[in-house]
Structures are given as C-alpha cells and as structure tokens.
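Working notes, beginning with the structure itself.
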Amino acid sequence: MDANFIQNFPFGLVLLALLVLVYWIQAFFIIYHLIRFGIGPKPKIFSLIFFVGSALLFMLVAGLYVNADLSLGSISKIFPDLINY
Amino acid sequence: MADSFSIFKSSKYTFDGKKPYENVIHLLYRHWFVLFGKILALAILLVMPVALYLNLGSYVYGLTNIFWFLYSIYLLIWWHSLFYILTMYLLDTWIVTDHRIIDSEQHGFFHRMVAELNISRIQDISVIVSSPIATFLDYGNLEIQTAGTEPKFVFKQIPHPNKVKDEIMRAHNEYMSQHRDNIEIHEKQFAGI
C-alpha cells in the first residue's frame, strides 16, 4: 500500500463518521422500539421528543466542533504542564 | 394530513394480536417512583461537569470552547441514556383485557419476553407491598396464581395494586358468567360478520 495514502488517510474523520453512524443507529433502535412495541400514544410522543432532541443536540455538537480549536498546539497552550508541544 | 399525527392522539389501546371483541381494562406500567432514582442520578450527572467547570474552569485559561464541545458530546450520551431508561420503562407493560392478561417485559433492546394468561385460569390473586415508600405511594407487586404447576404471573411495582386486583377479579367473574364451559362466545359472533 502506498505510504502516502496511509499518511494522508483521514483517520480522525473516519472515526468521527463511525461515531455519528453508531449514534444514529442507537437513536433508530430507541425510536423503532418505542413506535413498534409501545402501546398507546405515550411511547410515540416520547419517540418524537427523543428524535427532535437528538437532532438538536447533534446540530449543537456540530456547531461547537466548528468553533472549538482541537489542535494539539491549542490544547498544549491550555495545559502547558501536561503537554509540551 | 390529520391521520399522519393520529399515533400521538389518545386512543383505545391496541396491540399485536388484539381480538376485535376484546376490551382493554388496564394498561399498566411500573410506578413512577421506580424511575425516580435513575432520573435523579441522571440529573446529577447532567449538572456535575458544569459545576466542576464553574469551580475549576477559571484556573485554566482558554478552556471554554473545548469544554462546551466536550460537554455537548457528553449531553448526547446523556440524552441517549435517559431515553434508553424511558424506553425500557415504557415497554415493560402489563395489559389486562376482559379476556386475558398479557405480560410484556423488555430486558434490553433485543431481549423481549411476552407471556399471556386467559382470565378464566386465574385461581387467586395476591398483593405484596413491601416497603414504607411503597406503602405511602401505593405501589407493589401483584401475583396471580394459575391452575396447575405453572409459575405465578407477577405484575412488578405497579401503582394501586389493590384496585387492580379488584378489577381483575371483577373481569374474571364477568368472563366466567358469560363463558359457560369456557367456550368463547364472541368468536362465533365475529366469525358470522
């Protein structure tokens, strides 16, 4: 395999995509169970609240991810005693 | 359009395998107090990082953006944990109809147990209230003994167990008076339609 390919492969981004996938699969399981097996309107209302909350929180995380500087240089400034960069 | 939102409206309870002549008398969940401890623990977990940040954050310059980003990820996990607990609570149900009793227990996403008991097979019902809090809040276990050596049917930590016991006994007596020799009279009526 090309060494450049491994060096340039966006492992962080793939990991993030996997986490997002796991997050939405888990959300699907909860919504599916509430709607499929829940009896009466209460579980359906809860599934709607859960879905709206999950979507809003997901957007919040995405927004804060854009604003947060997660580079090692930036983190080393915050914790200079812990990280020498 | 109105039909699209009908699942959120109050309705006669329907469930898989409900017969057309069957009426739901009770849909029972565990008492809300059973959830209370878990919700309290989650509420503490929700505010704990913010409290820590407010106390210690001022000593660490430039942490704000990273902290809120990490906290938002923590919130995602918290939100899922909360609804996982609520889902298990809402799917742990006991349905009492005028013909049978259905015990549906959810132990995790892929472990579901459903048991059914014809109302005619009830031998006796006992109620167990076993703590001071359960006594004050009026919740407890209701155990139904069936004929033979089958295990008991247990309604766990349900609210107003004595009232439910009375209503099951009333439904049992009504069923027995309508169904002489335990023959289902409604099947014939609905088969003829």
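The values are calculated or read from the model by the stated rules, or taken from the named source; none is laboratory data. Here the structure is a predicted model, which is why all the values come from computation and not from measurement. Glycine also receives a Cβ, built like all others from the backbone with ideal geometry; neighbour counts cover every protein chain displayed. Only protein heavy atoms, including side chains, enter the accessible area calculation; ligands, DNA and RNA are left aside. Shrake-Rupley method; radii C 1.70, N 1.55, O 1.52, S 1.80 Å.
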Of these, B:LEU46, B:LEU86, B:LEU75, B:LEU42, which one is within 30 Å of B:PHE153 (Cα to Cα), part of a helix (DSSP H, G or I) and touching a helix residue (DSSP H, G or I) at 6+ places or on another chain (Cβ under 8 Å)?
B:LEU86
State all residues of the stretch B:129-178 that are in contact with a strand residue (DSSP E or B) (Cβ under 7 Å, 6 or more places away or on another chain) and in a helix (DSSP H, G or I); if no residue qualifies, say none.
B:ALA134, B:PRO161, B:ASN162, B:VAL164, B:LYS165, B:GLU167, B:ILE168, B:MET169, B:ALA171, B:HIS172
Among residues of the stretch B:143-176 being more than 22 Å from B:ASN23 (Cβ to Cβ) and hydrophobic (A, V, I, L, M, F, W, C), the residue surrounded by the most Cβ atoms within 10 Å (Cβ to Cβ) is B:VAL154
So, in the stretch B:97-126, how many residues would count as being surrounded by 12 or more Cβ atoms within 10 Å (Cβ to Cβ) and within 26 Å of A:LEU34 (Cα to Cα)?
16
Filter the helices (runs of 4 or more DSSP H) completely within chain A down to those with at least 1 residues that are exposed (fewer than 14 other Cβ atoms within 10 Å of the Cβ) and at pLDDT 90 or above.
A:11-37, A:41-67
Long-range neighbours under 6 Å by Cβ, at least six apart or interchain, first residue at pLDDT below 85 within the stretch B:13-33, second in a strand (DSSP E or B):
B:TYR13/B:VAL24; B:TYR13/B:LEU27; B:GLU22/B:THR97
Across the stretch B:68-96, what is the total count of residues that are closer than 18 Å to A:TYR32 by Cβ and either open to solvent by 10 Å² or more (accessible area, probe 1.4 Å) or out of contact with any Gly (no Cβ under 7 Å at 6 or more places or on another chain) (or both)?
13
State which residue pairs qualify: first residue more than 7 Å from chain B (Cβ to nearest Cβ) and inside the stretch A:40-57, second residue part of a helix (DSSP H, G or I) and open to solvent by 70 Å² or more (accessible area, probe 1.4 Å) in any location, beta carbons under 8 Å apart, and separation of 6 or more residues or different chains.
A:SER47/A:ILE35
